[in-house]
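Some notes on the structure that comes next.
The values are calculated or read from the model by the stated rules, or taken from the named source; none is laboratory data. All values reported here derive from a predicted model rather than from experimental measurement. Positions of Cβ are generated from backbone atoms using ideal geometry, with glycine treated the same way; all protein chains shown enter the neighbour counts.
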(Lines give C-alpha, C1' and ligand atoms only; values in the text may rest on other atoms or scores of the structure.)
Protein backbone atom coordinates (compact mmCIF):
# COMPACT_ATOMS: atom_id res chain seq x y z
CA UNK A 1 0.00 0.00 0.00
CA UNK A 2 2.89 2.37 0.82
CA UNK A 3 6.41 2.84 -0.54
CA UNK A 4 8.00 5.02 2.14
CA UNK A 5 7.50 6.52 5.58
CA UNK A 6 6.27 9.86 4.25
CA UNK A 7 3.40 8.18 2.36
CA UNK A 8 2.34 6.44 5.57
CA UNK A 9 2.46 9.65 7.64
CA UNK A 10 0.46 11.58 5.06
CA UNK A 11 -2.15 8.81 4.89
CA UNK A 12 -2.46 8.71 8.68
CA UNK A 13 -3.02 12.46 8.77
CA UNK A 14 -5.38 12.68 5.78
CA UNK A 15 -7.55 9.75 6.91
CA UNK A 16 -7.68 10.54 10.62
CA UNK A 17 -6.02 7.23 11.57
CA UNK A 18 -5.87 6.91 15.37
CA UNK A 19 -4.40 3.42 15.87
CA UNK A 20 -1.58 1.44 14.21
CA UNK A 21 -1.87 -2.33 14.60
CA UNK A 22 1.02 -4.68 13.78
CA UNK A 23 0.43 -8.35 12.85
CA UNK A 24 3.09 -11.04 13.31
CA UNK A 25 2.60 -14.67 12.24
CA UNK A 26 3.80 -17.52 14.45
CA UNK A 27 4.97 -20.99 13.41
CA UNK A 28 1.43 -22.40 13.52
CA UNK A 29 0.10 -19.76 11.13
CA UNK A 30 -1.73 -17.73 13.76
CA UNK A 31 -1.54 -13.95 13.88
CA UNK A 32 -0.43 -12.11 17.02
CA UNK A 33 -0.66 -8.35 17.25
CA UNK A 34 0.73 -5.31 19.02
CA UNK A 35 -0.90 -1.89 18.90
CA UNK A 36 0.32 1.69 19.27
CA UNK A 37 -1.37 5.12 19.00
CA UNK A 38 -0.86 6.58 15.53
CA UNK A 39 0.90 9.56 17.13
CA UNK A 40 3.70 7.18 18.24
CA UNK A 41 4.40 5.88 14.74
CA UNK A 42 7.78 7.21 13.63
CA UNK A 43 10.58 6.48 11.20
CA UNK A 44 12.75 4.73 13.79
CA UNK A 45 10.18 1.91 14.01
CA UNK A 46 10.86 1.14 10.35
CA UNK A 47 14.59 1.07 11.03
CA UNK A 48 14.98 -0.44 14.51
CA UNK A 49 11.70 -2.31 14.88
CA UNK A 50 9.76 -3.20 18.02
CA UNK A 51 10.95 -5.83 20.50
CA UNK A 52 8.90 -8.90 21.43
CA UNK A 53 9.17 -12.26 23.20
CA UNK A 54 9.85 -14.78 20.41
CA UNK A 55 9.50 -17.77 22.77
CA UNK A 56 5.76 -17.06 22.97
CA UNK A 57 5.63 -17.46 19.19
CA UNK A 58 7.45 -20.78 19.29
CA UNK A 59 10.58 -19.40 17.57
CA UNK A 60 13.15 -19.27 20.42
CA UNK A 61 13.77 -20.68 23.87
CA UNK A 62 12.65 -18.60 26.82
CA UNK A 63 16.18 -18.02 28.16
CA UNK A 64 17.19 -16.12 25.00
CA UNK A 65 13.97 -14.99 23.42
CA UNK A 66 14.28 -11.30 22.51
CA UNK A 67 13.65 -10.46 18.86
CA UNK A 68 12.27 -7.48 16.93
CA UNK A 69 9.76 -7.09 14.16
CA UNK A 70 9.94 -4.36 11.54
CA UNK A 71 6.68 -3.43 9.79
CA UNK A 72 6.43 -4.03 6.06
CA UNK A 73 4.52 -0.88 5.09
CA UNK A 74 3.66 -2.31 1.66
CA UNK A 75 1.28 -4.74 3.44
CA UNK A 76 -0.75 -1.99 5.13
CA UNK A 77 -4.53 -2.24 5.11
CA UNK A 78 -7.48 -0.65 6.89
CA UNK A 79 -9.21 -2.83 9.46
CA UNK A 80 -12.83 -2.83 8.26
CA UNK A 81 -14.60 -3.43 11.59
CA UNK A 82 -12.69 -1.28 14.07
CA UNK A 83 -14.67 1.31 16.01
CA UNK A 84 -11.57 3.51 15.91
CA UNK A 85 -9.87 4.21 12.51
CA UNK A 86 -7.05 1.66 12.43
CA UNK A 87 -4.22 0.99 9.98
CA UNK A 88 -2.70 -2.50 10.07
CA UNK A 89 0.72 -3.66 8.88
CA UNK A 90 2.34 -7.11 8.77
CA UNK A 91 5.77 -7.33 10.38
CA UNK A 92 8.97 -9.12 9.38
CA UNK A 93 10.95 -10.81 12.16
CA UNK A 94 14.59 -9.93 12.79
CA UNK A 95 17.23 -11.55 14.98
CA UNK A 96 19.14 -9.28 17.33
CA UNK A 97 22.82 -9.48 16.42
CA UNK A 98 25.30 -6.71 15.71
CA UNK A 99 22.87 -5.47 13.09
CA UNK A 100 19.22 -6.25 12.48
CA UNK A 101 19.22 -9.48 10.44
CA UNK A 102 16.23 -11.36 9.04
CA UNK A 103 15.36 -14.36 11.20
CA UNK A 104 15.88 -17.44 9.01
CA UNK A 105 12.71 -19.16 10.26
CA UNK A 106 10.41 -16.13 9.85
CA UNK A 107 7.53 -17.59 7.79
CA UNK A 108 7.46 -14.52 5.52
CA UNK A 109 11.21 -14.84 4.91
CA UNK A 110 10.87 -18.48 3.87
CA UNK A 111 8.57 -17.62 1.02
CA UNK A 112 10.95 -14.87 -0.14
CA UNK A 113 13.79 -17.39 -0.20
CA UNK A 114 11.69 -19.93 -2.13
CA UNK A 115 10.83 -17.31 -4.76
CA UNK A 116 14.50 -16.34 -5.06
CA UNK A 117 15.50 -19.98 -5.57
CA UNK A 118 12.94 -20.30 -8.39
CA UNK A 119 14.61 -17.35 -10.14
CA UNK A 120 18.18 -18.39 -9.30
CA UNK A 121 17.55 -21.82 -10.83
CA UNK A 122 16.43 -20.01 -14.01
CA UNK A 123 13.15 -21.92 -13.92
CA UNK A 124 10.67 -19.03 -13.75
CA UNK A 125 10.35 -15.51 -12.44
CA UNK A 126 6.71 -15.70 -11.32
CA UNK A 127 4.74 -18.28 -9.38
CA UNK A 128 1.01 -17.62 -9.29
CA UNK A 129 -1.21 -19.36 -6.76
CA UNK A 130 -4.99 -19.48 -6.56
CA UNK A 131 -6.27 -21.08 -3.35
CA UNK A 132 -9.87 -22.16 -2.72
CA UNK A 133 -11.05 -21.54 0.84
CA UNK A 134 -13.65 -24.02 2.06
CA UNK A 135 -15.11 -23.41 5.51
CA UNK A 136 -18.24 -23.64 7.64
CA UNK A 137 -20.27 -20.67 8.85
CA UNK A 138 -21.94 -21.88 12.05
CA UNK A 139 -24.14 -20.53 14.84
CA UNK A 140 -22.58 -22.11 17.91
CA UNK A 141 -19.72 -24.25 19.14
CA UNK A 142 -19.24 -25.54 22.67
CA UNK A 143 -16.35 -27.77 23.81
CA UNK A 144 -15.81 -29.53 27.14
CA UNK A 145 -13.11 -32.09 27.81
CA UNK A 146 -12.80 -32.73 31.51
CA UNK A 147 -11.66 -35.91 33.20
CA UNK A 148 -15.28 -37.16 33.40
CA UNK A 149 -17.04 -35.16 30.68
CA UNK A 150 -16.21 -35.18 26.96
CA UNK A 151 -18.53 -33.19 24.74
CA UNK A 152 -18.57 -31.08 21.58
CA UNK A 153 -21.77 -29.35 20.53
CA UNK A 154 -21.82 -27.66 17.14
CA UNK A 155 -24.95 -26.05 15.77
CA UNK A 156 -26.06 -24.61 12.47
CA UNK A 157 -29.63 -23.43 12.03
CA UNK A 158 -29.51 -25.03 8.59
CA UNK A 159 -28.27 -28.39 9.87
CA UNK A 160 -30.49 -31.33 8.94
CA UNK A 161 -30.86 -32.14 12.66
CA UNK A 162 -32.85 -28.89 13.06
CA UNK A 163 -35.45 -29.80 10.40
CA UNK A 164 -37.98 -30.80 13.07
CA UNK A 165 -37.31 -27.89 15.40
CA UNK A 166 -40.44 -26.22 16.80
CA UNK A 167 -38.61 -22.91 17.08
CA UNK A 168 -40.41 -20.13 15.20
CA UNK A 169 -37.19 -19.38 13.29
CA UNK A 170 -37.49 -22.74 11.48
CA UNK A 171 -38.93 -21.92 8.04
CA UNK A 172 -38.14 -25.26 6.40
CA UNK A 173 -34.86 -24.28 4.79
CA UNK A 174 -32.63 -26.78 6.53
CA UNK A 175 -30.17 -28.55 4.24
CA UNK A 176 -29.74 -32.19 3.40
CA UNK A 177 -26.45 -33.88 4.14
CA UNK A 178 -23.76 -33.47 1.43
CA UNK A 179 -26.25 -32.09 -1.07
CA UNK A 180 -25.79 -28.33 -1.12
CA UNK A 181 -23.38 -27.48 -3.93
CA UNK A 182 -24.27 -24.09 -5.52
CA UNK A 183 -27.72 -23.98 -3.88
CA UNK A 184 -29.58 -20.71 -4.39
CA UNK A 185 -31.37 -18.49 -1.90
CA UNK A 186 -33.20 -18.93 0.42
CA UNK A 187 -31.35 -22.21 1.04
CA UNK A 188 -28.09 -20.32 0.66
CA UNK A 189 -28.59 -18.52 3.97
CA UNK A 190 -25.09 -17.02 4.16
CA UNK A 191 -25.09 -15.42 0.69
CA UNK A 192 -25.50 -11.86 2.04
CA UNK A 193 -22.78 -12.57 4.62
CA UNK A 194 -20.37 -13.62 1.87
CA UNK A 195 -21.35 -10.69 -0.35
CA UNK A 196 -20.38 -8.28 2.40
CA UNK A 197 -17.13 -10.10 3.18
CA UNK A 198 -16.30 -10.12 -0.53
CA UNK A 199 -16.62 -6.32 -0.65
CA UNK A 200 -14.38 -5.96 2.41
CA UNK A 201 -11.81 -8.29 0.86
CA UNK A 202 -11.85 -6.47 -2.47
CA UNK A 203 -11.37 -3.16 -0.66
CA UNK A 204 -8.30 -4.67 0.99
CA UNK A 205 -6.58 -5.81 -2.21
CA UNK A 206 -7.85 -9.40 -2.18
CA UNK A 207 -9.60 -9.87 -5.55
CA UNK A 208 -12.34 -12.51 -5.34
CA UNK A 209 -13.08 -14.85 -8.24
CA UNK A 210 -16.40 -16.05 -6.79
CA UNK A 211 -18.11 -17.52 -3.73
CA UNK A 212 -20.81 -20.17 -3.37
CA UNK A 213 -22.38 -22.88 -1.22
CA UNK A 214 -20.35 -26.06 -0.92
CA UNK A 215 -21.64 -29.59 -0.45
CA UNK A 216 -21.67 -29.67 3.35
CA UNK A 217 -25.19 -29.30 4.72
CA UNK A 218 -24.57 -27.43 7.99
CA UNK A 219 -23.38 -24.24 6.27
CA UNK A 220 -20.29 -25.14 4.24
CA UNK A 221 -19.24 -22.50 1.71
CA UNK A 222 -16.30 -21.60 -0.51
CA UNK A 223 -14.52 -18.38 -1.43
CA UNK A 224 -12.07 -18.61 -4.30
CA UNK A 225 -9.60 -15.78 -4.75
CA UNK A 226 -8.07 -14.58 -8.02
CA UNK A 227 -4.59 -15.89 -8.67
CA UNK A 228 -1.67 -13.86 -7.35
CA UNK A 229 2.03 -13.86 -6.55
CA UNK A 230 2.95 -16.60 -4.10
CA UNK A 231 4.24 -14.32 -1.31
CA UNK A 232 1.39 -11.86 -1.68
CA UNK A 233 -1.05 -14.78 -1.62
CA UNK A 234 0.31 -15.92 1.74
CA UNK A 235 -0.38 -12.44 3.17
CA UNK A 236 -3.82 -12.47 1.54
CA UNK A 237 -4.56 -15.85 3.09
CA UNK A 238 -3.91 -14.45 6.57
CA UNK A 239 -5.95 -11.31 5.86
CA UNK A 240 -8.87 -13.30 4.45
CA UNK A 241 -9.12 -15.55 7.49
CA UNK A 242 -8.83 -12.55 9.82
CA UNK A 243 -11.52 -10.53 8.02
CA UNK A 244 -13.85 -13.52 7.81
CA UNK A 245 -13.59 -14.32 11.50
CA UNK A 246 -13.90 -10.69 12.54
CA UNK A 247 -17.03 -10.15 10.46
CA UNK A 248 -18.53 -13.44 11.68
CA UNK A 249 -18.10 -12.30 15.28
CA UNK A 250 -19.98 -9.09 14.48
CA UNK A 251 -22.82 -11.10 12.92
CA UNK A 252 -23.08 -13.48 15.88
CA UNK A 253 -21.67 -16.31 13.75
CA UNK A 254 -18.57 -18.43 14.00
CA UNK A 255 -16.31 -19.57 11.14
CA UNK A 256 -14.15 -22.70 11.14
CA UNK A 257 -11.55 -23.91 8.64
CA UNK A 258 -11.25 -27.16 10.57
CA UNK A 259 -10.82 -29.92 7.95
CA UNK A 260 -13.43 -32.31 9.40
CA UNK A 261 -15.74 -30.75 11.99
CA UNK A 262 -18.69 -33.09 11.24
CA UNK A 263 -18.69 -36.87 11.07
CA UNK A 264 -20.28 -38.21 7.88
CA UNK A 265 -20.26 -34.76 6.27
CA UNK A 266 -17.97 -33.13 3.71
CA UNK A 267 -14.68 -31.83 5.04
CA UNK A 268 -13.12 -28.50 4.14
CA UNK A 269 -10.11 -28.46 1.86
CA UNK A 270 -7.69 -25.78 0.76
CA UNK A 271 -7.09 -26.57 -2.91
CA UNK A 272 -4.15 -24.68 -4.41
CA UNK A 273 -3.97 -23.87 -8.13
CA UNK A 274 -0.42 -23.32 -9.43
CA UNK A 275 1.16 -22.01 -12.62
CA UNK A 276 4.57 -20.57 -13.47
CA UNK A 277 5.62 -17.80 -15.85
CA UNK A 278 8.89 -16.45 -17.25
CA UNK A 279 9.17 -13.05 -18.92
CA UNK A 280 5.38 -12.97 -19.00
CA UNK A 281 5.10 -16.28 -20.88
CA UNK A 282 3.29 -19.30 -19.39
CA UNK A 283 5.45 -22.36 -18.75
CA UNK A 284 2.74 -24.96 -18.21
CA UNK A 285 1.11 -25.00 -21.66
CA UNK A 286 1.81 -27.35 -24.57
CA UNK A 287 -0.81 -27.86 -27.28
CA UNK A 288 0.40 -31.44 -27.82
CA UNK A 289 0.94 -32.49 -24.21
CA UNK A 290 -1.32 -34.56 -21.98
CA UNK A 291 -4.27 -32.30 -21.12
CA UNK A 292 -2.27 -29.57 -22.93
CA UNK A 293 0.38 -29.57 -20.20
CA UNK A 294 4.03 -28.92 -20.95
CA UNK A 295 6.88 -31.16 -19.79
CA UNK A 296 7.73 -28.45 -17.25
CA UNK A 297 4.25 -28.75 -15.78
CA UNK A 298 4.47 -32.54 -15.70
CA UNK A 299 7.84 -32.39 -13.94
CA UNK A 300 6.33 -29.97 -11.42
CA UNK A 301 3.50 -32.45 -10.84
CA UNK A 302 6.07 -35.24 -10.48
CA UNK A 303 7.91 -33.28 -7.81
CA UNK A 304 4.77 -32.67 -5.79
CA UNK A 305 3.55 -36.26 -6.04
CA UNK A 306 6.96 -37.68 -5.14
CA UNK A 307 7.25 -35.43 -2.09
CA UNK A 308 3.55 -35.24 -1.08
CA UNK A 309 3.93 -37.36 2.07
CA UNK A 310 6.80 -35.12 3.22
CA UNK A 311 4.82 -31.96 2.38
CA UNK A 312 1.89 -32.95 4.56
CA UNK A 313 3.38 -31.90 7.92
CA UNK A 314 3.30 -28.38 6.44
CA UNK A 315 0.15 -28.61 4.29
CA UNK A 316 -1.91 -30.82 6.63
CA UNK A 317 -0.45 -30.25 10.10
CA UNK A 318 -3.41 -31.07 12.35
CA UNK A 319 -4.60 -34.41 13.68
CA UNK A 320 -8.01 -33.50 12.25
CA UNK A 321 -6.48 -33.16 8.76
CA UNK A 322 -6.38 -36.93 8.27
CA UNK A 323 -10.05 -37.38 9.16
CA UNK A 324 -10.89 -35.39 6.02
CA UNK A 325 -8.61 -37.44 3.74
CA UNK A 326 -10.88 -40.46 3.41
CA UNK A 327 -12.72 -41.91 0.37
CA UNK A 328 -16.19 -40.73 -0.55
CA UNK A 329 -16.11 -37.05 0.39
CA UNK A 330 -14.27 -35.51 -2.62
CA UNK A 331 -11.02 -35.55 -0.66
CA UNK A 332 -8.06 -37.26 -2.35
CA UNK A 333 -6.33 -40.32 -0.95
CA UNK A 334 -4.42 -41.60 -4.01
CA UNK A 335 -1.04 -40.22 -5.09
CA UNK A 336 -1.77 -39.56 -8.74
CA UNK A 337 -2.80 -36.93 -11.27
CA UNK A 338 -5.64 -36.72 -13.76
CA UNK A 339 -7.81 -34.30 -15.70
CA UNK A 340 -11.01 -33.06 -14.04
CA UNK A 341 -10.75 -35.86 -11.47
CA UNK A 342 -11.53 -34.75 -7.91
CA UNK A 343 -10.48 -38.10 -6.46
CA UNK A 344 -6.85 -37.49 -7.49
CA UNK A 345 -4.24 -35.63 -5.43
CA UNK A 346 -3.54 -33.40 -8.44
CA UNK A 347 -6.36 -32.34 -10.74
CA UNK A 348 -5.87 -30.57 -14.07
CA UNK A 349 -8.93 -28.32 -14.55
CA UNK A 350 -10.50 -29.26 -17.88
CA UNK A 351 -12.00 -25.79 -18.30
CA UNK A 352 -8.61 -23.99 -18.14
CA UNK A 353 -7.73 -24.32 -21.83
CA UNK A 354 -5.85 -21.16 -22.82
CA UNK A 355 -2.05 -20.93 -22.44
CA UNK A 356 -2.29 -18.22 -19.75
CA UNK A 357 -4.81 -20.25 -17.73
CA UNK A 358 -3.18 -23.67 -18.00
CA UNK A 359 -2.41 -24.94 -14.52
CA UNK A 360 -2.96 -27.77 -12.07
CA UNK A 361 -4.58 -27.98 -8.66
CA UNK A 362 -3.12 -29.59 -5.52
CA UNK A 363 -6.09 -31.00 -3.60
CA UNK A 364 -4.79 -32.48 -0.36
CA UNK A 365 -3.89 -29.35 1.73
CA UNK A 366 -6.21 -27.84 4.31
CA UNK A 367 -6.35 -24.40 5.92
CA UNK A 368 -5.02 -25.42 9.34
CA UNK A 369 -1.61 -24.88 7.74
CA UNK A 370 0.70 -21.93 8.07
CA UNK A 371 0.29 -20.58 4.51
CA UNK A 372 3.86 -19.29 4.31
CA UNK A 373 5.31 -22.70 5.16
CA UNK A 374 2.75 -24.60 3.06
CA UNK A 375 3.15 -22.48 -0.08
CA UNK A 376 6.95 -22.51 0.27
CA UNK A 377 7.05 -26.30 0.70
CA UNK A 378 4.85 -26.89 -2.35
CA UNK A 379 7.01 -24.54 -4.44
CA UNK A 380 10.16 -26.35 -3.28
CA UNK A 381 8.65 -29.64 -4.48
CA UNK A 382 7.83 -28.00 -7.83
CA UNK A 383 11.41 -26.73 -8.14
CA UNK A 384 12.82 -30.17 -7.30
CA UNK A 385 10.53 -31.86 -9.82
CA UNK A 386 11.52 -29.50 -12.64
CA UNK A 387 15.21 -29.49 -11.78
CA UNK A 388 15.41 -33.30 -11.65
CA UNK A 389 12.86 -33.89 -14.44
CA UNK A 390 10.69 -36.15 -12.29
CA UNK A 391 8.27 -37.70 -14.78
CA UNK A 392 4.99 -38.55 -13.00
CA UNK A 393 4.09 -41.12 -15.67
CA UNK A 394 7.35 -43.03 -15.29
CA UNK A 395 6.99 -42.81 -11.50
CA UNK A 396 3.61 -44.57 -11.75
CA UNK A 397 1.49 -41.58 -10.73
CA UNK A 398 -0.90 -41.77 -13.67
CA UNK A 399 -2.65 -40.17 -15.37
CA UNK A 400 -5.65 -42.01 -13.95
CA UNK A 401 -8.79 -40.61 -15.54
CA UNK A 402 -11.30 -42.70 -13.60
CA UNK A 403 -12.96 -42.66 -10.18
CA UNK A 404 -10.28 -43.83 -7.77
CA UNK A 405 -12.83 -44.43 -5.00
CA UNK A 406 -14.42 -47.29 -7.00
CA UNK A 407 -11.30 -49.43 -7.23
CA UNK A 408 -11.19 -52.84 -5.60
CA UNK A 409 -8.55 -53.63 -3.00
CA UNK A 410 -6.19 -55.21 -5.51
CA UNK A 411 -6.38 -52.18 -7.82
CA UNK A 412 -5.90 -49.79 -4.91
CA UNK A 413 -2.76 -51.62 -3.85
CA UNK A 414 -1.16 -50.70 -7.19
CA UNK A 415 -1.55 -46.95 -6.55
CA UNK A 416 0.48 -45.15 -3.91
CA UNK A 417 -1.54 -43.46 -1.19
CA UNK A 418 -1.22 -40.40 1.01
CA UNK A 419 -0.30 -40.90 4.67
CA UNK A 420 -3.32 -41.87 6.73
CA UNK A 421 -2.18 -40.27 9.99
CA UNK A 422 0.22 -37.58 11.24
CA UNK A 423 2.89 -40.08 12.33
CA UNK A 424 3.22 -41.44 8.79
CA UNK A 425 3.51 -37.87 7.49
CA UNK A 426 6.08 -36.91 10.14
CA UNK A 427 8.14 -40.01 9.33
CA UNK A 428 7.96 -39.14 5.61
CA UNK A 429 9.32 -35.65 6.30
CA UNK A 430 12.06 -37.06 8.50
CA UNK A 431 13.16 -39.33 5.63
CA UNK A 432 12.61 -36.87 2.77
CA UNK A 433 13.52 -33.24 3.43
CA UNK A 434 16.69 -32.53 1.45
CA UNK A 435 14.65 -30.81 -1.26
CA UNK A 436 13.40 -28.32 1.34
CA UNK A 437 16.93 -27.38 2.44
CA UNK A 438 18.01 -26.13 -0.99
CA UNK A 439 18.89 -22.44 -1.01
CA UNK A 440 18.58 -22.46 2.78
CA UNK A 441 14.85 -21.96 2.31
CA UNK A 442 13.85 -24.30 5.14
CA UNK A 443 16.14 -24.85 8.08
CA UNK A 444 16.70 -28.11 9.93
CA UNK A 445 15.18 -26.32 12.94
CA UNK A 446 11.84 -25.69 11.19
CA UNK A 447 11.69 -29.25 9.89
CA UNK A 448 12.47 -30.86 13.25
CA UNK A 449 10.17 -28.47 15.10
CA UNK A 450 7.31 -29.38 12.77
CA UNK A 451 7.99 -33.10 13.11
CA UNK A 452 8.09 -32.84 16.91
CA UNK A 453 4.93 -30.73 17.08
CA UNK A 454 2.96 -33.11 14.88
CA UNK A 455 4.03 -36.14 16.89
CA UNK A 456 3.27 -34.37 20.16
CA UNK A 457 -0.23 -33.40 18.96
CA UNK A 458 -0.90 -36.92 17.71
CA UNK A 459 0.11 -38.65 20.94
CA UNK A 460 -1.85 -36.13 23.00
CA UNK A 461 -5.06 -36.84 21.07
CA UNK A 462 -4.38 -40.55 20.78
CA UNK A 463 -4.19 -41.04 24.55
CA UNK A 464 -7.62 -39.51 25.14
CA UNK A 465 -10.72 -41.74 25.39
CA UNK A 466 -13.34 -41.07 22.69
CA UNK A 467 -17.10 -41.10 23.37
CA UNK A 468 -17.59 -43.68 20.62
CA UNK A 469 -15.27 -46.04 22.50
CA UNK A 470 -17.76 -46.12 25.37
CA UNK A 471 -20.44 -47.35 22.97
CA UNK A 472 -18.11 -49.98 21.57
CA UNK A 473 -16.33 -51.24 24.68
CA UNK A 474 -17.94 -50.10 27.93
CA UNK A 475 -19.99 -53.28 28.43
CA UNK A 476 -17.49 -55.81 27.10
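Figures for the structure shown
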| item | result |
| --- | --- |
| Residue within region 79-94 that is more than 25 Å from residue 247 (Cα to Cα) and at pLDDT below 85 present | no |
| Members of region 402-432 found to be outside any helix (DSSP H, G or I) and under 21 Å from the mean Cα position of the chain (by Cα), listed by number | 418, 419, 420, 421 |
| Of all residues making up region 445-468, the number that are without any contact (Cβ under 8 Å) to a residue 24 or more places away in the chain and over 16 Å from residue 319 (Cβ atoms) | 2 |
| Flag if residue 462 is surrounded by fewer than 16 Cβ atoms within 10 Å (Cβ to Cβ), over 30 Å from residue 145 (Cα atoms) and at pLDDT 90 or above | no |
| Single match in 24, 12 (criterion: in contact (Cβ under 8 Å) with a residue 40 or more places away in the chain, crowded, with 16+ Cβ neighbours inside 10 Å, touching a strand residue (DSSP E or B) at 6+ places or on another chain (Cβ under 7 Å) and over 15 Å from residue 90 (Cα atoms)) | 12 |
| Exclusive hit being surrounded by 12 or more Cβ atoms within 10 Å (Cβ to Cβ), in contact (Cβ under 8 Å) with a residue 60 or more places away in the chain, in the same structural domain as residue 152 (by TED's automatic domain parsing) and not in a helix (DSSP H, G or I), set 442, 435 | 442 |
| Number of positions in region 206-232 that are part of a helix (DSSP H, G or I) and touching a helix residue (DSSP H, G or I) at 6+ places or on another chain (Cβ under 7 Å) | 2 |
| Some residue of region 252-259 being crowded, with 23+ Cβ neighbours inside 10 Å, assigned to a loop (DSSP other than H, G, I, E, B) and within 17 Å of the chain's Cα centre (by Cα) | yes |
| Filter pass, residue 57 being more than 17 Å from residue 236 (Cα to Cα), out of contact with any helix residue (DSSP H, G or I) (no Cβ under 9 Å at 6 or more places or on another chain) and assigned by TED's automatic domain parsing to the domain that holds residue 380 | no |
| Strands (runs of 3 or more DSSP E) wholly inside region 87-149 containing at least 3 residues that are surrounded by 15 or more Cβ atoms within 10 Å (Cβ to Cβ) | 126-138 |
| Residue match in region 326-345 (condition: at pLDDT 95 or above, closer than 23 Å to residue 415 by Cβ and touching a helix residue (DSSP H, G or I) at 6+ places or on another chain (Cβ under 9 Å)) | no |
| Residue among 399, 392 that is more than 23 Å from residue 115 (Cβ to Cβ) and either modelled with pLDDT of 95 or more or part of a helix (DSSP H, G or I) (or both) | 392 |
